[in-house]
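The values are calculated or read from the model by the stated rules, or taken from the named source; none is laboratory data. Keep in mind that what you see is a predicted model, and the values were worked out from it rather than measured. Ideal geometry is used to build each Cβ from the backbone, glycine not excepted, and the neighbour counts take in all protein chains shown. Each accessible area value is taken on the protein alone, full model and side chains, heavy atoms only, with ligands, DNA and RNA left out. Shrake-Rupley method; radii C 1.70, N 1.55, O 1.52, S 1.80 Å.
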Amino acid sequence: MRTSYQYVLRPTKLQVIQFDKWLDMLRCQYNYLLSDRFRWYEQNRCSINSCSLFVCHLPELRVNPNYNSQQDSLPQLKKDRPWYKEIVRFVVSESR
């Protein structure tokens, strides 16, 4: 027989305001990093038939932004924008 539990969180008004603030900051950061990936794609894509290599100048290619490189930018972000330090870092550890 399996037992399941259901919990209901009832945050206070101050907690709701804090959660909304955190979610707004995280949303802004997510959208910024996503736009960075789109910009990289737009700058570095080129169809094979679109231009000749002898005629077109190819710009210096940027390193592809990936999860790890964007994650490494977070400490600098917290230095540049001190209000990001308020966000609680959740570490999920799986116990077996």
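Scanning the stretch 22-45 for residues that are modelled with pLDDT of 90 or more and open to solvent by less than 90 Å² (accessible area, probe 1.4 Å) yields a total of 4.
Per the listing R27, R10, R39, the residue uniquely free of Cβ contacts under 8 Å to residues at least 60 places away in the same chain and not in a helix (DSSP H, G or I) is R10. It is to be established whether one or more residues within the stretch 72-88 are assigned to a loop (DSSP other than H, G, I, E, B), modelled with pLDDT of 80 or more and open to solvent by 80 Å² or more (accessible area, probe 1.4 Å). Yes, the conditions are met somewhere in the stretch 72-88. Just one of the numbered conditions (1) among the hydrophobic types (A, V, I, L, M, F, W, C); (2) open to solvent by 80 Å² or more (accessible area, probe 1.4 Å); (3) at pLDDT 80 or above is not true of V55: (3).
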